[in-house]
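J.: Structure below; questions to follow.
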Amino acid sequence: MKRFKWRLQRVLDITEQRERALRLELLTLAHQIIAVQHEILSRRATVRSLLDDLGRRELLERLPRQLVVLACAAAEERLLNRLRARQAALEAARAAKTDKFLRVRGTRRTLERLREEARLKHNREMDRQEQTQLDEAFHISFARRPRPCVTGVPE
């Protein structure tokens, strides 16, 4: 029986590699987004704790430190705005990669379905050929069997 060989197998293999690469890129982007979110939260918590600490101090002690803390808070807010912009850019990149990943995955699934259909067609064809060969062998063996004489004259 002839082995099944699909002509588009290399295309399917490359599509699977692309899908794995895109999945890895999506995972990397997700980790980067989480890192930026963590950085935003920790910087917010730091500013909040500084402001809370400043609010608990006495007025005479608070006034000289207030200008410095507020200047630092403003600088942190500018940094937070840059981090939020970076997070938005990463999320946009993740959305684009997700769309690309879904298209590649759809292509892979289509190719797998086509390969399965081709394999089934190949198996049916091989079964048909095998049955034809068996039928032919049976007919040949039947034709070669000795037959009794039907003329009525003994030999």
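J.: Leu102 to Ala75: FRET efficiency via 1/(1 + (r/R0)^6), r the Cβ-Cβ distance, R0 35 Å, to the nearest 0.05?
T.: Calculated transfer efficiency: 0.30.
J.: Further question on the same structure: Candidates [x] 1.24; [y] 2.55; [z] 1.61; which is the computed Cα Rg over 2.2 N^0.38 Å?
T.: Checking each listed value against the structure points to [y].
J.: Separate question: Rounded to the nearest 500, what is the 222 nm mean residue ellipticity of the chain from helices alone, with -39500 (n - 2.57) per DSSP H run of 4+ residues and division by all residues?
T.: Numbers: 2 runs with 134 residues, N = 155.
Helix contribution divided over all residues of the chain: -33000 deg cm²/dmol.
J.: To the nearest 10 degrees, how steep is helix 59-144 against the longest Cα principal axis of the chain, on a 0 to 90 scale?
T.: Result, in degrees: 0.
J.: Something else about it: Given points 7 Å out from each Cα along the Cα-Cβ axis, report the Phe138 to Asp53 separation in nanometres with one decimal.
T.: Result for the modelled spin labels: 9.4 nm.
J.: In degrees between 0 and 90, to the nearest 10, how far off the longest principal axis of the chain does helix 9-56 point, with axes built from Cα atoms?
T.: Value to nearest ten degrees: 20.
J.: Follow-up. Taking the simple approach of a point 7 Å from Cα along Cα-to-Cβ for both Lys2 and Leu24, what is their distance in nm?
T.: 3.8 nm
J.: Relative contact order (percent) for the chain, with alpha-carbon contacts under 8 angstrom and 6 or more residues of separation? Mind showing how you got there, number by number?
T.: Values: 56 pairs, mean separation 68.6, N = 155.
Taking the mean separation of contacting Cα pairs over the length of the chain, I get 44 percent.
J.: Sticking with this one: So for the pair Gln66, Arg84, with labels modelled 7 Å out along Cα→Cβ, what separation do we get in nm?
T.: According to this spin-label approximation, the distance is 2.5 nm.
Rule-based calculations on the coordinates, nothing more; no lab input. Worth saying up front: this structure is predicted, and the values here are computed from it rather than measured. So basically every Cβ, Gly included, is an ideal-geometry build from the backbone, and we count neighbours across all protein chains shown.
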